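To start, the structure under review is shown below, and the notes come after it.
The values are calculated or read from the model by the stated rules, or taken from the named source; none is laboratory data. Keep in mind that this is a model prediction, so the values were computed, not measured. Glycine also receives a Cβ, built like all others from the backbone with ideal geometry; neighbour counts cover every protein chain displayed. When the accessible area is computed, the model is the full protein with side chains, heavy atoms only, and any ligands, DNA or RNA have been set aside. Shrake-Rupley method; radii C 1.70, N 1.55, O 1.52, S 1.80 Å.
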Amino acid sequence: MTLNVVITGANRGIGLALTELYCARGYHVFAICRKTSYALNQTPAEVIENIDVQEEACLTLLTEKLQDIQVDLLINNAGIFTYDSLDSLSFDDVEQQLSVNTIGPLRVTLALLKNLRDGAKVGLITSRMGSISDNNSGGYYGYRMSKAALNAMGKSLAVDLKIRKIAVAILHPGFVQTEMVSHQGDISANTAAQRLSRRIDELTLHNSGSFWHSNGDLLTW
């Protein structure tokens, strides 16, 4: 039986690498993005574009596109990053990061809740920058806040979805060489995708709601 995976932010970076990986593993991948890319179009994935995770109308369109699809794995990967400091703080940027990075994954998950089969898995691509205890450098207010809130949301999802045996992974990919960070990371998107997929494979109801580094380390809140 072919398994169905939905991946948001699939047109580039980690999302594209995850799409390529799960296609290679034989999944039927529904690649969700605002605008597709040449690289994404070269994959066997079924691309659903014009989906902005901030917009209710887009989520309605997504549910229509996936109306009869039973989803085995949902990976909420879409996200944005804006540099800020106390001296250069834009509340518009803060609010947009919260909208995309925190509320967006919740919107997508709720929109597809009926599609998730009992026993499915949900992956949330977060960041160690959302760890409060790990914050020793300050700054990055909007991004840190959005990822800390995403972590809290993921923990609640893990509790609330346990009755349906749906497990939730809260995953830090590592410092990845993507356009989001001007390719300054220390691992490639492909390496991150391979590590993330291993953590998802290991995901069970027993470790659901935990905060993991893609290398397998358990992270502190």
Is there any pair with a first residue in the range 156-174 that is modelled with pLDDT of 95 or more and a second that is exposed (fewer than 14 other Cβ atoms within 10 Å of the Cβ) and among the hydroxyl-bearing types (Ser, Thr, Tyr) whose Cβ atoms are under 8 Å apart and which are 6 or more apart or on different chains, and what are they?
-> Ala167/Thr204
For Ser85, work out the one condition from (1) of a type in the set (Ser, Thr, Tyr); (2) at pLDDT below 95; (3) open to solvent by 30 Å² or more (accessible area, probe 1.4 Å) it doesn't fulfil.
-> (3)
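Here is a list: Arg107, Arg128, Arg117. Which entry is closer than 20 Å to Val71 by Cα and touching a strand residue (DSSP E or B) at 6+ places or on another chain (Cβ under 8 Å)?
Values: Arg107 fails: touching a strand residue (DSSP E or B) at 6+ places or on another chain (Cβ under 8 Å); Arg128 fails: closer than 20 Å to Val71 by Cα.
It is Arg117.
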Tally the residues that are polar (S, T, N, Q) and either crowded, with 21+ Cβ neighbours inside 10 Å or part of a helix (DSSP H, G or I) (or both), restricting the search to the range 193-221.
-> 4
Across (1) in a helix (DSSP H, G or I); (2) of a type in the set (D, E, K, R); (3) surrounded by fewer than 21 Cβ atoms within 10 Å (Cβ to Cβ), Asp134 clears everything bar (1)
Within the range 70-78, identify whether any single residue is more than 18 Å from the chain's Cα centre (by Cα) and open to solvent by 50 Å² or more (accessible area, probe 1.4 Å), and answer yes or no.
-> yes
Exactly one of Asn151, Asn190 is of a type outside the set (Asp, Glu), assigned to a helix (DSSP H, G or I), in contact (Cβ under 8 Å) with a residue 40 or more places away in the chain and within 21 Å of Arg12 (Cα to Cα), and that residue is Asn190
The one condition Glu56 fails out of (1) among the charged types (D, E, K, R); (2) open to solvent by 50 Å² or more (accessible area, probe 1.4 Å); (3) over 19 Å from the mean Cα position of the chain (by Cα) is (3)
In the range 88-111, what residues are hydroxyl-bearing (Ser, Thr, Tyr) and surrounded by fewer than 18 Cβ atoms within 10 Å (Cβ to Cβ)?
-> Ser88, Ser90, Ser99
Selection count, the range 137-185, where residues are open to solvent by 60 Å² or more (accessible area, probe 1.4 Å) and on the phi > 0 side of the Ramachandran plot | 4
